[in-house]
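Visitor: Mind having a look at this structure? Questions to follow.
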Amino acid sequence: MITAIRDARPLGGHAPIDVSIADGLITGIHPAGTLAAGEGVIDAAGRWIMPGLWDEHVHLTQWAQHRRRLDLEGASSAAEVASIVRDAAADAAPGETIVGGGFRDALWPDAPTAALLDAAAPDHAVVLVSADVHCAWLSTAALARYVPAYAAASAGSQGAETADAAVSGLLREEAAFAVTRQLDGAPDDVLDRWVDEAAREAAARGVVGVVDLEMRWNRDDWARRVEGGFDALRVEFGVYPQHLDRAIELGLRSGLDVAEGVRVGPLKVITDGSLNTRTAYCCDPYPEESATPYGVLTVPPCDLEPLLARAAEAGFELAVHAIGDGANHTALDVFARIGRGGRIEHAQLLRPCDFPRFAALGVVASVQPEHAVDDRDVAERFWPGRTGRAFALRSLLDAGARLVLGSDAPVAPLDPWVSIAAATTRTRGDREPFHAEQSITPHEALAASTRSLVAVGEPADLLLVDADPLTASGDALRSMPVALTLLGGRPTHSAL
Ligand SMILES: [Zn+2]
């Protein structure tokens, strides 16, 4: 345990300080030079001290798996993906399902098809999960293995949707989630080990806590992990509607500690799709012909309202996934009707009239700034003329909304510095910023990525970093060197 940090520089140009720590809390802040060196005392040597970072929206199990999957992030065509799969097939064990992740097909010149994957990996089932995880691209063997409706239909007459999937191999929304849930079927001890590795890596980036919105019955996973020694992060886990009854029966409610460092988070409801999959529910139609021109509202207000009311009554905080402006407007209407605040996850595309409603209704905007950088071209294509109010962090803050930042890992890396850099610069590398007027300041981005302060009585969730985040450039923010991460006074990472 650490009892003190000496000679650390607070952000904002203040004089260096010594910090004393006891029982997981900051117990004193003194001018540098007050405290003596000794056992359990860290010499910060003038590094910057700041609160530990939170990633407010992750899917930790998926991220842990994604880190080990075939990386399709950079592929710019279906053919390029097929060639990556072909190489992987050469190394894959017989019978192994080849799993890839991170593809972004919205701007590809060619169409993904099951046949393309069949040809690339004739002896293996192939499942590729899109970067936004709302779409899965399967080979014919994988369709037969993971999609019962396909297997049944291929024996008899095929439904239209099944026939379509047989050609494209593409599944969207619930059909895609049903496949990824089966991929999660690795044994618990294996997944737990991967999650532990991913969490340690996050701690090394300065993360002290995550909101885990994994689409699983998270309570048992987390109780088991803590039992097995997991202690790298604080965790708040989401509960999905299909598990709400069970959660209420067990007396779970948001804020309840279920294991050391693990507490119940919000009810999470997904009400629309995503931008890349063109299923985000919008007020204006998508520019291209589609069976669902406005996207998909997966939970209509008549269902959302009683669901949220019931969860709120049972003591749950409310987190509603809404990406399109139609879905956001609907969600805000429902928050207004039930008279409860909560969070909207993503809040990607908003009608101008809805910006002030976040503050008025007490709804937090839980946003993922790196999506703006990743999806700027897709947004220009599918939300033409509307991108000025897409990923509109500045407009939200100016309208009084409270922002919290996250990665939505595996959609973006579980690294808050990436989110902070994207929120402040709206770009990566040399490209011009995407709607620079929507950027927020480093100070605002840090406030939206932390839950505590460097102050007496606050948890000793602290970082030492090698550069000043308030003045660092975008690239320097992205790769911010974290020298030390303390979680309740205990080091979870040290490069000192
Ligand atoms: Zn998510």
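Visitor: Does anyone have the angle between helix 416-425 and the longest principal axis of the chain? Alpha-carbon axes, 0 to 90°, nearest 10?
Guide: The helix 416-425 is inclined about 90 degrees to the chain.
Visitor: Using only Cα atoms, tell me the angle between helix 325-338 and the longest principal axis of the chain; keep it within 0 to 90° and round to the nearest 10.
Guide: Relative to the chain, helix 325-338 is tipped by roughly 60 degrees.
Visitor: For the pair Asp43/Glu260, report the inter-label distance in nm, with labels modelled 7 Å from Cα in the Cβ direction.
Guide: Calculated label separation equals 3.1 nm.
Visitor: Which ³J(HN,Hα) values, rounded to whole Hz and listed in residue order, are derived for region 275-284 from phi using the Karplus coefficients 6.51, -1.76 and 1.60 in 6.51 cos²θ - 1.76 cosθ + 1.60 with θ = phi - 60°, glycine and proline given as x?
Guide: 5, 4, 8, 6, 10, 4, 8, 10, 6, 10
Visitor: Short version: ³J(HN,Hα) in whole Hz for each residue of region 93-99, in order, from phi by Karplus 6.51 cos²θ - 1.76 cosθ + 1.60 (θ = phi - 60°), x for Gly and Pro, what are they?
Guide: Once rounded to whole Hz, the list reads 6, x, x, 5, 7, 7, 10.
Visitor: Between region 274-349 and region 356-373, how many Å separate their Cα centres?
Guide: Region 274-349 and region 356-373 have Cα centres spaced 13 Å from each other.
Visitor: If you don't mind, there's one more thing I want to ask. How long is the gain from Ser479 to Met1 if the chain were fully straight, where each residue apart is worth 0.36 nm and the alpha carbon distance is subtracted?
Guide: Details: separation 478, 0.36 × 478 = 172.08 nm, distance 2.74 nm.
Full extension of this stretch gives 169.3 nm more.
Visitor: Please work out the ratio of the alpha-carbon Rg of region 32-98 to 2.2 N^0.38 Å and round it to two decimals. Could the numbers behind the result be given before it?
Guide: Values: Rg = 23.0 Å, N = 67, 2.2 N^0.38 = 10.9 Å.
Relative to the 2.2 N^0.38 Å estimate, region 32-98 comes out at 2.12.
Visitor: Next question, about the same structure. To test your reading of the geometry: what angle, between 0 and 90 degrees and rounded to tens, separates the Cα axis of helix 78-91 from the longest principal axis of the chain?
Guide: With both axes taken from Cα atoms, the answer is about 80 degrees.
Visitor: In region 434-471, whose amide N lies under 15 Å from the spot 7 Å out along Cα-to-Cβ of His30? List them in ranges.
Guide: The answer is 456.
Visitor: For Ala186 and Ala455 in the same chain, what is the full-extension length gain: residue separation times 0.36 nm, less their Cα-Cα distance, in nm? Numbers along the way, then the final one.
Guide: Working: separation 269, 0.36 × 269 = 96.84 nm, distance 4.29 nm.
Full extension of this stretch gives 92.5 nm more.
Visitor: Using θ = phi - 60° and the Karplus relation 6.51 cos²θ - 1.76 cosθ + 1.60, list the HN-Hα couplings for region 102-116 in order, rounded to whole Hz, with x at every Gly or Pro.
Guide: Working through the residues one at a time gives x, 6, 10, 8, 4, 10, 5, x, 10, 8, x, 9, 4, 4, 4 Hz.
Visitor: With labels modelled as points extended 7 Å from the Cα through the Cβ direction, what inter-label distance (nm, one decimal) is found for Asp303 paired with Ala149?
Guide: Inter-label distance under the simple model: 1.4 nm.
FYI, it's all coordinate maths here, none of it is from the lab. Given the structure is predicted, the values throughout are model-derived calculations rather than measurements. Here the Cβ is made from the backbone with ideal geometry for all residues, glycine too, and neighbour counts use every protein chain on show.
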